[in-house]
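All remarks here apply to the structure that follows.
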Amino acid sequence: MREVTATGHSVEAAVESALAQLKTTKNQAEIIVVDKGKKGFLGIGARSATVTVRKLDTPAESAERFLRDVCDKMGVDVSILVKKTGRNIFFELQGEKIALLIGKRGQTLNSLQYLTQLAINKNSSEYLKVSLDAENYRERRKQALIQLAERTAYKALKLNKEITLEPMPSNERKIIHNALTKRKGISTHSSGEDAFRHIIISPEKRYK
């Protein structure tokens, strides 16, 4: 139930009745006064106040509706799990055609996360951070990047030369950096601009 029409001896009483039925608060509802009512004289001619109260979506509900709309237009039937911790909102997508939402190396998923971030903060009174995942892709990608980092570090030491990886988003570059932080004889740094920013893995000492 998202809308209720309620009556009361005053507008305030009618509003309180409607809010109680919707189990919401004034700042999460749209209130329309249908009839202000009338006290009458000695009770004669009195008329109850009438209001219609519509429950508004929370930012998380608006973002979920946005996600469902995008997925529907992409022809992907999904179930969405939503978790909220403080200002962090996590959405987990599940479905048969989930690969379409992930895209090549998570590019589509990253774009969806960015757009959902914009959608959730459009009407929010506080800044909310969105994390979007699909069938545990983020963890699988993280493990693949860690393995890539280790293989590349081994190769850089063996060949005694620096190796440049392909461009990656900042969160993936961070995984590579962290994976090799304690690796002896190896250093990492980022180079390039914007979408072309990449990591260079180098031996700290070069032997002849």
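The values are calculated or read from the model by the stated rules, or taken from the named source; none is laboratory data. Because the structure is a prediction, the values reported are computed rather than measured. Positions of Cβ are backbone-derived with ideal geometry, glycine not excepted, and every protein chain shown enters the neighbour counts. Accessible surface is based on the protein model in full, side chains and every heavy atom, while ligands, DNA and RNA are left aside. Shrake-Rupley method; radii C 1.70, N 1.55, O 1.52, S 1.80 Å.
Structure data summary
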read-out: Given (1) out of contact with any His (no Cβ under 7 Å at 6 or more places or on another chain); (2) surrounded by 15 or more Cβ atoms within 10 Å (Cβ to Cβ), number of the condition Leu165 does not satisfy; value: (1)
read-out: Residues located in region 182-203, provided they are surrounded by 11 or more Cβ atoms within 10 Å (Cβ to Cβ), part of a loop (DSSP other than H, G, I, E, B) and either among the β-branched types (Val, Ile, Thr) or over 29 Å from the mean Cα position of the chain (by Cα) (or both); value: Arg183, Gly185
read-out: Qualifying residue in region 101-108 (condition: assigned to a loop (DSSP other than H, G, I, E, B) and within 24 Å of Lys83 (Cβ to Cβ)); value: yes
read-out: Where a residue in region 161-178 is farther than 16 Å from Glu193 by Cβ and free of Cβ contacts under 8 Å to residues at least 24 places away in the same chain and its partner, wherever it lies, is aliphatic (A, V, I, L, M) and open to solvent by less than 40 Å² (accessible area, probe 1.4 Å), with Cβ under 8 Å and at least six apart; value: His177/Ile199
read-out: Residue in region 51-60 that is in a strand (DSSP E or B), open to solvent by less than 30 Å² (accessible area, probe 1.4 Å) and hydroxyl-bearing (Ser, Thr, Tyr) present; value: yes
read-out: Residues (touching a strand residue (DSSP E or B) at 6+ places or on another chain (Cβ under 7 Å) and over 12 Å from Val130 (Cβ atoms)) located in region 55-67; value: Lys55, Leu56
